[in-house]
Structures are given as structure tokens and as C-alpha cells.
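Accompanying notes for the structure given below.
What follows draws every value from the coordinates through simple rules; no lab data is involved. Owing to the predicted nature of the structure, the values given are computational and were not obtained by experimental measurement. Don't worry about glycine lacking a Cβ; one is built from the backbone with ideal geometry, like all the others, and counts go over all protein chains shown.
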Amino acid sequence: MSQPPHQPAASTPRPAAGAPPRRPGGAGAAPPGRRDPRRPAGRPPAGRVPGGVLRPQSPHDWFAGRLLDVLTGRQPLTMLAGKVRDEAYQRLWELHSRRSDWRPRGARGRTPFVYRCYPFRTPGGALEVCAVVCLDRDVFRALAFRLEAGGPDAATGYGPERWRCTAVEAA
């Protein structure tokens, strides 16, 4: 008995001989029709080193992002419960209720993000941080907070030093 010849189920386009293999569309894909395998020169994406490995995020950058998420209403205030001390938590409740202008209106505009973060280390080892946040096109605001290390025996907080927020302000 003879077997029928094998036929592919669907025809797929094949790259020309000598052309680099194409990746499917999505993030990092080349524009349609591009044959040049080189990438544009420039800085590596944020949070990555040139080898493509993720860089650990500093405590002040991490906390500035979480604080912005809370003040813009993207995350609940209780998200920071174990990371903020009592007086600062009370102040955060006040800021959360007063900062309705930080919350996005409608579907227009961009997602708020931390534009710059300026940490200052005090002689006692605490970090006093000023963060500039972008709420929308040409709408910038400031956050200020203080992080103190709780030590390795601290039960709450984050990171190897267990940083906790002891003061917070928004303007």
C-alpha cells in the first residue's frame, strides 16, 4: 500500500534566504517589513541593566510608586498599612481624603507616574525623599516622605532593611 503524500495544513510565509528570523508582533517587535537586525543605540529600558537582567528597585523608588498609587485611587490605602507608622498613616488618611484632584477624571489623560525621585540620607541613616510625580500632561505635583530602617528583626516593612515611612506630605 502506498501512503498519500504529506501536505501542510496551512501555508505560512517563509523569510527570504539570508534574512533574520522574524519574531511575532508585540512589545519589542520590529516594524513590518524591517530587515535590519540591529537595534537603535540608547539607554537600556528602565529597571534593566545592559545584559537584560532586572535591577533591584531602591526602597524610596518602590515606596514613591506605591504612595502615588494610593493617592490617585488606583490602590486602597490599606495597602500601605504595615509599611507606614501611626502618625504618618493618620496623615496619609488626611491626604487621601483631600487629594481628590489627584484622581483621574474620565478616560482621557495618561497614567500617573513617578517622574523623578530625590533621596537624601540623614546622619541617622534615614532617607528623606522628595518625589516629583506626573499626573497628566503638564500636571506635576510633589511628594515628600521619610523612610527609617527598622532593622532585620522588624516584623513589618519591606526589603532587607525593613524600611518604614514615618512622615508623608503631598503638595
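Per-structure values
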{"quantity": "Cβ-placed point charges (K, R +1; D, E -1), dipole of the range 109-152 about Cα centre in debye, nearest 20", "calculated": "100 debye"}
{"quantity": "Extension gain from GLU128 to ARG38, taking 0.36 nm per residue of separation minus the Cα-Cα distance", "calculated": "28.2 nm"}
